[in-house]
Amino acid sequence: MPQLDMPMEQLLQYAGRNPKPARFDAFWDESLAEMRALDPNVELTPHALDAPFARCFDLRFTGTGGARVYAKYIRPVHTDGPAPCVLHFHGYGGASDSNWTAYLHWAARGFAIAALDCRGQGGKSTDAGATTGYTREGHIIRGLDDALSGAPQNLYFRHVFLDTALLARIVAGFEEVDGARLGAMGGSQGGALTMACAALADIKRAAPTYPFLSDYQRVWEMDLASGAYAELKTYFRLFDPRHERETEIFEALGHIDIQHLMPRVRGEVLWATGLMDATCPPSSQFAAFNEIQSPKQTVIYPDFAHEGLPEWGDTVWEWMGAL
């Protein structure tokens with residue numbers, strides 16, 4: 001068969017290339033402590049669109065760094081008790097689906113759902129850093145200079161990972177939600193955030209699709225630092241053209257490399273990978289998948305790249321039903 005990356009037997013053994021920072025676990029323990037100390041100032045505003053079986057809300061809360069974070073929130077009207085809730089995370093540079101109807105099927109099933117807008121990307125969440133408004137890309141290296149100077153807490157994706165955990169904490173506290181029955185799902189960046197959330201919050205079932213933000217050094221060494229990962233090559237070309245700080249740079253990025261968070265995952269994982277994916281190459285994904293210690297399974301699409309995967313949505317729908 002055609003082969004972009006390692007053979008399957010090697011993928012299942014691959015341990016990753018990107019170094020793990022020495023204080024990685026302490027860094028995330030401290031970050032979670034900071035998040036838990038926040039007053040999120042939760043605001044729920046009814047949205048005009050409703051259905052006979054659902055109520056829709058604009059959900060806003062304050063995350064780390066003072067960012068005001070937005071999510072669509074839909075809850076079912078009729079349930080026998082507290083409902084399970086699914087968290088949805090979108091792809092890089094985008095936003096939650098502009099059509100609320102894209103999420104109503106979960107409420108029809110008796111589930112609540114919350115769909116996050118990543119701060120400073122294409123939705124309604126604000127980035128409270130030095131740049132405000134729509135920045136779209138460049139987020140992997142946002143805060144990298146600070147991290148190289150000893151302040152990895154300023155990395156952009158550290159804040160977004162914490163936003164996912166804070167969203168989980170908020171919805172778990174809603175009267176109509178069963179906080180012990182949370183799921184998470186998303187593709188690409190959304191797949192990475194699904195797994196970051198599963199590592200940092202109490203997520204029972206996580207269904208990532210070809211996750212981003214894993215094993216940066218491997219992606220660069222494969223010469224696939226283009227598209228979603230293009231900023232890795234851009235950073236070296238502009239700020240370290242002879243790679244004199246290569247080791248330090250990849251170690252700094254290790255703070256926001258999901259592979260290193262995976263031992264924290266406690267829920268069940270259903271993970272989809274296309275073996276022809278040149279955007280988030282399979283080995284970068286398996287670097288993270290292989291670190292998961294909880295029950296897990298991978299669904300392989302040999303001929304598919306970073307694209308829609310046939311019947312995958314139906315598979316996730318059925319699997320999430322066990323929440």
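Bear in mind that the values in this text are calculations on the coordinates, not laboratory data. Bear in mind the structure is a predicted one, so any value in this text is a computation, not a measurement. So basically every Cβ, Gly included, is an ideal-geometry build from the backbone, and we count neighbours across all protein chains shown.
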At 222 nm, what value in deg cm²/dmol follows for the chain if DSSP H runs of at least 4 each add -39500 (n - 2.57) and the sum is divided by all its residues, to the nearest 500? -8500 deg cm²/dmol
Candidates per trypsin sites (Lys or Arg not before Pro) in region 184-249, loop by DSSP, up to 12 other Cβ within 10 Å: 242
Over all directions, average the projected area of the Cα convex hull of region 8-320 and note it in nm². 15.2 nm²
Tell me which DSSP H helices of the chain clear both cut-offs, 24 Å or more of axial length from alpha-carbon atoms and a mean Kyte-Doolittle hydropathy of at least 0.5. 156-172
Of 202, 163, 215, which is the most mobile in a GNM of the chain whose springs link Cα atoms less than 10 angstrom apart? 202
Residue-ordered couplings for region 265-273, obtained by feeding phi - 60° into the Karplus form 6.51 cos²θ - 1.76 cosθ + 1.60 and rounding to whole Hz (Gly and Pro as x), are 5, 10, x, 7, 10, 10, 10, 10, 9
Given a 10 angstrom Cα cut-off, can you work out which residue in 280, 197, 56 is the most mobile in a GNM of the chain? 56
Take the Cα coordinates of region 27-172, assign each an equal point scatterer, and use the Debye formula without solvent to give log10 I(q)/I(0) at q = 0.11, 0.16, 0.17 Å⁻¹. -0.43, -0.85, -0.94
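Considering only DSSP beta bridges whose two residues both sit in region 8-320, what percent are antiparallel, to the nearest 5?
Taking every DSSP beta bridge with both residues in region 8-320, the antiparallel ones total about 45 percent.
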Environment charge of residue 36, counting only residues whose C-beta is closer than 12 Å and scoring Lys/Arg +1, Asp/Glu -1: -3
Under 14 Å, Cβ to Cβ, from residue 74 - net charge with Lys/Arg +1 and Asp/Glu -1: 0
Diffusion coefficient in µm²/s returned for region 208-274 by Stokes-Einstein, Kirkwood Rh over C-alpha pairs, 25 °C and 0.890 mPa s, is 184 µm²/s
Counted charge near residue 301, where neighbours are those whose Cβ lies closer than 12 Å (Asp, Glu -1; Lys, Arg +1): -4
For a label point 7 Å along the Cα-to-beta-carbon line of residue 300, residues of region 187-215 with backbone N under 16 Å: 210
Dividing the mean separation of Cα pairs under 8 Å (6+ apart) by the residue count of region 8-320 yields a relative contact order in percent of 18 percent
Near the amide H of residue 299, under 5 Å away, which other amide H atoms are found, from residues 5 or more places off or on another chain, if H is placed in the peptide plane? 271, 272, 273
Which of the lysines could a cross-linker bridge to residue 124, judged by Cα under 16 Å and excluding same-chain residues fewer than eight apart? 72
